[in-house]
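The values are calculated or read from the model by the stated rules, or taken from the named source; none is laboratory data. Everything numeric in this text was worked out from a predicted model, so none of it was measured. Cβ: placed from backbone, ideal geometry, glycine included. Neighbour counts: every protein chain shown.
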Amino acid sequence: VLKDYIGAGFPKESDLITRVSKINLSVAEGSNGVVVKNLYLSCDPYMRMRMTKTQGSYFESFTPHQPITGLGVARVLDSKNQKFKKGDLVWGMTGWEEYSHITNADGLFKIEHSDVPLSYYTGLLGMPGMTAYSGFYEVCAPKKAEYVYISAASGAVGQLVGQFAKLLGCYVVGSAGSKEKVNLLKNKFGFDEAFNYKEEEDLVAALKRYFPDGIDIYFENVGGKMLDAVLVNMRPHGRVAVCGMISQYNLEKPEGVHNLTSIIAKRLRIQGFLVSEYYHLYPKFLEMVLPYIKEGKINYVEDTAEGLESAPAALIGLFSGRNIGKQVVVVARE
Ligand code: NDP
């Protein structure tokens, strides 16, 4: 439960509190919804925006004193929706609670393939996976052997973008905020190179070192100084997929970006995108990615927090880079 709306600044664990209340486990007559038992919850950076009272944002603010909502994997306990029956596994918007009433069940996806870890539907096989897929293939227009750079590269989205780019035969470099994450990028996800951006005094020079001939594709997850440094390192006709800008989400005033004239000189295409516009591609995405998982061609690293009581710290941890891989909260395993 969100205690109250917060303003700028880093969110704190104490901004969220746990509460005990009773819930009826059957769907009310006349409803089109479902009642689910929540299994895995997804911690996602956009949830920070929902903790603030915003107007005109593309994210609806949370309602203080009500259980917050987010993406998760759940089992249907009761259903009045014709798409779902008792026992079905689903992923989609649910509550950060043990059991949830989902009145708008039409937005849920039925899980048809349960021979992979179910928690993957919060990440690799869920929204972050679709973000990586649509951002890379639809927005970046990638070609074999291009030079690809990814920031926040060890996270839920970044680790996949890098592996998609490697599967296409690109040269791939990622940045992340610790030595352990850098090792993961190189040794687990097969990136060609990786570096710890926190150890670099001069990001422009660091990027020049890894991309002496420039960057064709930048998959933007962080914004701010990193974007500025990337712009001057782009190659002519390079593409920037603006997926997220996590370094800006807690600031009162976003940092300025100074190297915008590079956009003209290098004739760059910079495009923001929202995964929500690409869900029609979900079946095609699954068709591509499930065999890769089974053949071991795609690896996925998750960071699991046990129990609902660990959820506030897990969510807040995204903004200090505490998570190593996709941050998941395990509410129940079955
Ligand atoms: P991650 O799993 O990557 O977790 C967030 C990571 O961001 C942290 O672990 C940390 O890693 C890094 N980070 C946090 N603060 C900063 C900072 N100030 N500067 C640089 N890096 C920071 O998250 P996701 O993969 O889920 O999301 C990645 C991005 O994609 C986010 O910006 C998110 O908002 C965006 N997104 C956009 C979507 C869309 O539809 N456009 C959909 C889903 C996600 P490190 O230790 O490396 O610093």
Mind checking whether some residue in the stretch 241-254 is over 17 Å from the mean Cα position of the chain (by Cα) and surrounded by 21 or more Cβ atoms within 10 Å (Cβ to Cβ)? no
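Let me confirm something: among 110, 186, 166, which residue is more than 19 Å from residue 298 (Cα to Cα) and at pLDDT 95 or above? Break it down stepwise before answering.
Numbers: 186 fails: more than 19 Å from residue 298 (Cα to Cα); 166 fails: more than 19 Å from residue 298 (Cα to Cα).
Every option except 110 fails the conditions.
Please work out if residue 298 is surrounded by 12 or more Cβ atoms within 10 Å (Cβ to Cβ), touching a strand residue (DSSP E or B) at 6+ places or on another chain (Cβ under 7 Å) and either polar (S, T, N, Q) or not in a helix (DSSP H, G or I) (or both).
Details: surrounded by 12 or more Cβ atoms within 10 Å (Cβ to Cβ): yes; touching a strand residue (DSSP E or B) at 6+ places or on another chain (Cβ under 7 Å): no; either polar (S, T, N, Q) or not in a helix (DSSP H, G or I) (or both): yes.
No; evaluated as a whole, the condition is false for this residue.
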Among the candidates 272, 325, residue that is near the ligand (Cβ under 10 Å from one of its atoms), at positive phi and at pLDDT 95 or above: 325
Restricted to the stretch 198-226 and to residues being assigned to a helix (DSSP H, G or I) and hydrophobic (A, V, I, L, M, F, W, C), the residue farthest from the ligand (Cβ to nearest atom) is 205
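Anything in the stretch 227-269 that is charged (D, E, K, R), away from the ligand (no atom under 16 Å from the Cβ) and either part of a strand (DSSP E or B) or free of Cβ contacts under 8 Å to residues at least 12 places away in the same chain (or both)? List them, or say none.
From the stretch 227-269, those charged (D, E, K, R) are 228, 235, 239, 252-253, 255, 266-267, 269; that's our starting set.
Narrowing further to those that are away from the ligand (no atom under 16 Å from the Cβ): 235, 266-267, 269.
235, 269 - these are the residues of the stretch 227-269 that are charged (D, E, K, R), away from the ligand (no atom under 16 Å from the Cβ) and either part of a strand (DSSP E or B) or free of Cβ contacts under 8 Å to residues at least 12 places away in the same chain (or both).
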Which members of the stretch 186-197 meet the condition of being away from the ligand (no atom under 15 Å from the Cβ), surrounded by 15 or more Cβ atoms within 10 Å (Cβ to Cβ) and either hydrophobic (A, V, I, L, M, F, W, C) or farther than 9 Å from residue 172 by Cβ (or both)? none
Quick one: in the stretch 124-157, of everything that is near the ligand (Cβ under 8 Å from one of its atoms) and part of a loop (DSSP other than H, G, I, E, B), which residue is nearest to residue 72 (Cα to Cα)? 156
